[in-house]
Each structure stands twice: as C-alpha cells, then as structure tokens.
1. Once you treat every alpha carbon in the chain as an equal point and sum by Debye, what is log10 I(q)/I(0) at q = 0.13 Å⁻¹?
2. Would you compute, from DSSP H runs of 4+ residues alone, the mean residue ellipticity of the chain at 222 nm, taking -39500 (n - 2.57) per run and dividing by the full residue count, rounded to the nearest 500?
3. What are the ³J(HN,Hα) couplings of the stretch 39-45, residue after residue, when phi is run through the Karplus curve with 6.51, -1.76, 1.60 and θ = phi - 60°? Round to Hz, x for glycine and proline.
4. Tell me, what HN-Hα J-couplings in whole Hz come from the Karplus equation 6.51 cos²θ - 1.76 cosθ + 1.60 at θ = phi - 60° for each residue of the stretch 170-177, using x for Gly and Pro?
5. In the neighborhood of LYS45, defined by Cβ-to-Cβ distances under 11 Å, what is the net charge if each Lys or Arg adds +1 and each Asp or Glu adds -1?
6. Starting from the amide H of LYS116, placed 1.01 Å from N in the peptide plane, find each other amide H under 5 Å away whose residue is 5 or more places distant or on another chain.
7. What residue among VAL42, VAL162, VAL179 shows peak mean-square fluctuation when the chain is described by a Gaussian network model with Cα springs under 10 Å?
8. Per 0.36 nm of contour for each residue apart, how much would the distance between ASP72 and ILE21 grow if the chain were fully extended, relative to their Cα-Cα spacing?
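The values are calculated or read from the model by the stated rules, or taken from the named source; none is laboratory data. From a predicted model like this one, the values you see are computed outputs, not experimental measurements. Counting neighbours? That spans all protein chains shown, and the Cβs are built from the backbone with ideal geometry, glycine included. To get the accessible areas, we keep the full protein, side chains included, count just its heavy atoms, and leave off ligands, DNA and RNA. Shrake-Rupley method; radii C 1.70, N 1.55, O 1.52, S 1.80 Å.
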Amino acid sequence: MFKLARPRYVIKEFAGKKFPIKPRVEIKDTDITNKFDTPKIVDKKTNITTLGSCFAQRLRDWLIANNFNYKDGKWDRVYSPRNIKQTIQMAFEPNTLNIAEPIWKFGDDWGDPYIKESAGRPLRLPNNEQKAKEKQLSYYNHFKKVLSECEVLIVTYGQTEVWSHKDAPDTAFYAAPFVGIKDGDQNHMCKDLSIDEIKNETIEIIRLMQQYNPGVKLIFSISPIPLVASINNDYSAYIAANRAKSKLHASVLELIPEYDNVYYMPSFEWVNAHPYKAFESDGRHVPQSYANSIMQMFNKLYVKE
C-alpha cells in the first residue's frame, strides 16, 4: 500500500521548501529568506539611493539614520512602474518622453505634472515658460547625477493605476490630477497597468540603468502599503489593492532571474506575514519601527559585516 505523502516533500531536490507550518505571529525572517542566495553588495560607503513609493522613503530614513552613504534624488514618492521608468528617462533619455501637458497652471501657481514635491504637490515652477523649463531641466540633471553615480538602487513598486493625458497615454502624471486643471475632465484618463505592461516597464528600468550606469546593482521590492483609493468600478478598493500588489509581485519575481545584478527584497512578504502587528491603526501604513525590522532583514541579505 502506498504511503500517503505529497511528492514534493519526498523528492530530495525539493526538500526544505515547505511553507512554514506555524502561527503567523511566529514567522521569522529566515522562514521568508530561506533559499535566498544574495551577494553582500552594500557597506556604509556604498553610494545608495531609493526610488519608489512612500515605503521607499521609510527605507531611506533607515539608511540615513544608520549612516549609510544615501544620496537623495529629490524625486519624492514615485508610485508605479511607469512613473519610476519616467523618472529614469528624465535622467538619461529626456527626449524620449512624450509630454502633452508640460505644466499645470492654477493662475500664478505653476507645477510640473510629472515630478512631485515633498509637500505632496507638483513641483513648483516659476510662472514664466523659459524659467519653468530651466527648473525642470535642473531636476532632470540632478536625477542623472544621482542615478549615474549610485552603486545600488532600491526600487519599490507601490501601485498599478496611472493617470495620463489622452494624447500621451504612455506618459503618466506623478499622481492623480488636481481638480480644477483646465480641460482636465476632457483630456485626462486613468488606466490600470496590465502584467505585460508592468513587465515592459520593469525591463526598461533595468535597461536604462544598466546602459547608463553599467556597474549598478538593482534591488526590487513591493510596497506592502495598499492603495488609498481605486478607479476600479467592479471591485472594492480592498480587492483592487490586492490585485495591484499581486500583479506587481508576480511581474518582478518572474523577471529578476533573467538578469545579472538584479535582486529582490521581500518587504511585502515580511509585513503581510504579520498583518496585525505591521500596520498602524489606519490599516494602511507601516510604522517606522516595523520598517526598521524589514531593514534588519536587508542587513542580513545584502550588507557586508
């Protein structure tokens, strides 16, 4: 009589790959990073920066607090793979950007629709066309300096929904447009990136970075922070947020093995393994203390002793 057993548990090649059978509160970082084979690519002198969602800012705060050689790109929060790719385009291939709406104007208050300020608004621009272009170019040049010189770039994907001008649907605003932009209700559109589109944007991010900074190491992560809202009319924002994370997660993990010097950081897994401890009372944000615990895992995986 055959012994009741699952083949993947008894074939030697797959031994040790079982899901951790224990209460979620007891899951350790080693349960998540088991089988990881990552090089130690970071020390306190390594030129490192982060680019991505608000979770990337938490990682930045830890790097700064622990005296790593962090360089600030001044791009603030960048949420989607498309927006992240655009930031890198601004640095290295600005002429390839298809920008149909270069400035948002609210009377004398002008802003860049594609670059975000730390205050959560579009980058302030002088209300003069020439001076506005000069300021935009100065930011592009700063992006180029930081991305050209960084040795390690941590990229954090946050969401899949992007807003664009209808005449430039492949170029995304930094976030949802403000109410009151002239003709915005007629010429602005939103879409949810497909898995294929996410993969294409990721491939382009890797291409741009490796072409213009050949020695760079890329570490991708998925932000565990859910969307604040969604355009999806078929599902609740809760379902839409999990759908977005699933697409981002699957796309990145499928692509990473195809490239050298491209790695993964399991921030998403660590937070969701401890759902009742890892989120603040709003159910969305992760306290800095928990971001610190994620970075301790980063320490084990990537930092030289």
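1. Result of the Debye calculation: -0.97.
2. -11500 deg cm²/dmol
3. Listing the rounded values in order: x, 7, 10, 10, 9, 5, 8 Hz.
4. Listing the rounded values in order: 9, 10, 9, 5, 5, 6, 4, x Hz.
5. 0
6. Placed amide hydrogens put LEU123 under 5 Å from LYS116.
7. The residue with the greatest mean-square fluctuation here is VAL179.
8. That pair, ASP72 and ILE21, stretches by 14.2 nm at full extension.
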